[in-house]
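See below for the structure under consideration.
The values are calculated or read from the model by the stated rules, or taken from the named source; none is laboratory data. Keep in mind that what you see is a predicted model, and the values were worked out from it rather than measured. Methodologically, a virtual Cβ is constructed for each residue, glycine included, from the backbone with ideal geometry; neighbour enumeration extends over all protein chains shown. The accessibility values were calculated without ligands, DNA or RNA, using every heavy atom of the protein model including side chains. Shrake-Rupley method; radii C 1.70, N 1.55, O 1.52, S 1.80 Å.
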Amino acid sequence: LGLRRNLDVLTAVATIREAQAGARVIGAADLPQVDVQGSAARNRDERGIAESDSATLGVSWLVDLFGQNQAARQGASARLDAAYLSAEVARLTVASAVASAYVDARYYQQALALTRQSLESRRRTLEMTRTQDALGSVSRLEVLQAEQLVAQAEAALPGLEVGFDQSVNRLATLTAGRSAELAAQLRGG
């Protein structure tokens with residue numbers, strides 16, 4: 001769906017159509033040219049009504065002695081090939097951007113999950129360290145270090161959430177979808 005709505009792809013497809021039309025026009029130069037003309041006249045004079053009809057048919061065929069038509073056909077063919085390649089490049093660029101946004105979203109999703117697991121583990125460790133501190137078996141420095149590890153994990157979460165949201169928004173823009181629907185699908189697994 002994103003490829004069908006992408007302006008670069010649409011422009012490239014329009015360029016293909018233009019090149020195809022140009023190739024047809026140039027190819028028509030090798031065909032014989034036919035010219036048909038006709039006329040009819042009716043005159044009234046003192047002798048009565050006089051009718052006259054005439055028709056002419058002209059056929060011409062251009063002989064390409066110096067290769068001008070062949071060079072024009074080759075140029076049109078090259079323009080058409082370039083237009084096809086340009087469209088393919090545009091499609092691949094969009095597909096690459098979609099894949100990159102998807103991989104980024106999955107990376108941030110996984111990093112969030114791992115950070116949350118780590119945060120939960122660090123909180124348990126902090127509670128155990130505080131309990132041991134109350135019993136006098138650990139130093140205050142160890143408690144501070146455990147608190148610092150919890151704070152670091154908590155500080156990492158917002159950046160990862162923003163990265164996930166940005167990736168989902170980029171993916172939605174590229175695929176002409178809705179961010180909320182894509183985020184729900186990605187969170188579903």
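Odds and ends about this structure:
- When the test is whether a residue is of a type outside the set (S, T, N, Q) and out of contact with any Leu (no Cβ under 6 Å at 6 or more places or on another chain), Ala71 passes it.
- Taken together, Arg130, Arg116 contain a single residue that is open to solvent by 80 Å² or more (accessible area, probe 1.4 Å), touching a residue at least 40 places away in the same chain (Cβ under 8 Å) and in a helix (DSSP H, G or I), which is Arg116.
- Test for Arg17: is it free of Cβ contacts under 8 Å to residues at least 60 places away in the same chain, surrounded by 10 or more Cβ atoms within 10 Å (Cβ to Cβ) and under 28 Å from the mean Cα position of the chain (by Cα): yes
- So Leu174, is it open to solvent by 90 Å² or more (accessible area, probe 1.4 Å) and part of a helix (DSSP H, G or I): no
- For segment 139-151, the tally of residues that are more than 17 Å from Arg123 (Cβ to Cβ) and either surrounded by 13 or more Cβ atoms within 10 Å (Cβ to Cβ) or hydroxyl-bearing (Ser, Thr, Tyr) (or both) stands at 1.
- Test for Ala90: is it open to solvent by less than 40 Å² (accessible area, probe 1.4 Å), within 37 Å of the chain's Cα centre (by Cα), more than 30 Å from Val13 (Cβ to Cβ) and of a type outside the set (Asp, Glu): no
- Scan of segment 152-171 for residues that are loosely packed, with under 13 Cβ neighbours inside 10 Å and among the hydrophobic types (A, V, I, L, M, F, W, C), ordered by number: Ala155, Val162
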